[in-house]
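Structure, as structure tokens:
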Amino acid sequence: MSVELKPLTGRIDDVGGLVSLEAYREAGGYEAARRALTEMTPGEVQEIVKEANLRGRGGAGFPTGVKWSFVPDVEGRKYLVCNGDEMEPGTFKDRYLLEYDPHLLVEGMLIASYAIGADQAYVFLRGEYHEPYRQLDAAIRAAREAGLLGDGIFGTSYALSLDIHRSGGRYICGEETALLNALEGKRANPRTKPPFPPASGAWGRPTIVNNIETLCNVPGILSHGAEWYQDLGIGEDSGTKLYGVSGRVNNPGLWELPIGTTIREIIEVHAGGMMEGYRLRGILPGGASTDFLVEEHLDLPMDYGSIQAAGSRMGTGTMILMDDSVCPVGISLNLQHFFAQESCGFCTPCREGLPWLEQVLADIEAGRGEPGDLELLDKNAAFIGAPGNTFCLHATGAIEPLQSALKYFREDFEEHLATGRCKYRDVMPVQESAG
């Protein structure tokens, strides 16, 4: 029953820890893949995923079945690549799935590979994820030994090779074309688009890149049907979602809930509310590269459309909470420092602009701010963050928390300029220029 209500974490709950191959198969694991390979055409698999309205769980929310349908019907090798880099600050949902139910990903990749006609699949894994690597590697080896990977899967002519590529560790690898360059052994710079990866991806061949959580939804859809998956969600979006909360709450963590659960329920019920003595001021709803929301947004459903309408993005669905003991200027500086150092350096607005914004914020935080600094931040953030002004969307994501902090917490920035100090600190820190 828990698997039907919680297709991503139900087996973990039932077993009480790591789900072995034996436990996974006892609970019906790999039966969806068997049905797909022996009873369905690749096109039929694509159609049921489309009908289910599975949207990408890596942050963009693009319809998964539609993305699969972009792969051209051509001869030769095709690739499925699973993005397991998970370098977004505040995000740890994919790690949980890998550590406790890696066969769910293996089965999801097997079904997805069959659906797009891929015979080679890779998991592009964050290099620092040592325990997830061990569990996933063991699961892949166990699946091979059981005949669930390799040649003649389920007695069919279909064959799939599945391997792990461990990332060198750069945030920009989360951009799918930079990921593909890194997979090929090149520098992780984003590529010019078009062509898009479904037409020309890894080594110039048709390639689909999906997130771990996205692919882990696929076996449940094949097992229970599109209507079942639609009914799991609240509102227009379908399925469940792994929501996480970090910050000064009583019960930080990760929960699988119906997509569309309100921010208030996630924070106050599942995360246990704010710790005593702290008040919520700001919410980064989907990791560090999303716009701040504030208390007035607590009753919003955590779904793609509602969060976008409020001026932010659901992103990964893992919230970072800012309480009233944290300086908005300081957190903005910290985030800009991260995004500046993680830029691939390919285009000027990102390479030069993000460190410049960091410099201005460092001066304001250290009491060296000047009149007009906030207007400069507004102007340059608007330029650097505008889609189309940089080669990829790294700078756009980097600007989102800054521009929203300037909107919602402007009085804190103004007070820094007026007093030359930070009221959140007993003593103003000595901070050198960022340059």
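The table below gives the values:
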| read-out | value |
| --- | --- |
| Total charge dipole magnitude, the chain, about the Cα centre, Cβ charges on Lys, Arg, Asp, Glu only, Debye to nearest 20 | 1020 debye |
| Percent of beta bridges antiparallel (DSSP, the chain, rounded to nearest 5) | 40 percent |
| Burial ordering of Phe338, Phe70, fewest other beta-carbon atoms within 10 Å first | Phe70, Phe338 |
| Average Cα contact separation per residue, the chain, under 8 Å, 6 or more apart, as relative contact order % | 15 percent |
| Protection proxy ranking, peptides 90-97, 307-314, average beta carbon neighbours within 10 Å, highest first | 90-97, 307-314 |
| Degrees, to the nearest 10: 394-408 long Cα axis against longest axis of the chain | 50 degrees |
| Lys/Arg +1, Asp/Glu -1 at C-beta; the chain dipole; positive extreme among Ala382, Pro195, Met274 | Pro195 |
| Net charge, Ala310 excluded, C-beta distance under 10 Å - Lys, Arg +1, Asp, Glu -1 | -1 |
| Helix-only [θ]222 nm of the chain, DSSP H runs n ≥ 4, -39500 (n - 2.57) each, per residue, nearest 500 | -12500 deg cm²/dmol |
| Shape of segment 297-435, Cα gyration tensor, a/c cut at 1.5 | oblate |
| Unit charges at the beta carbon, dipole of the chain: most positive-side option, Thr261, Cys422, Leu21 | Leu21 |
| Burial order of peptide ranges 145-158, 203-216 (average beta-carbon count within 10 Å, highest first) | 203-216, 145-158 |
| Per-peptide average of other Cβ atoms within 10 Å, ordering 109-122, 75-88 highest first | 109-122, 75-88 |
| Potential extension, Glu75-Glu415 segment - 0.36 nm per residue separation minus Cα distance | 116.0 nm |
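Read-outs throughout are calculated quantities, based only on the coordinates presented, and are distinct from any laboratory measurement. This one's a predicted model, so the numbers in the text were calculated from it and none came from an experiment. Note: ideal-geometry Cβ built from the backbone for every residue, glycine included; neighbour counts use all protein chains shown.
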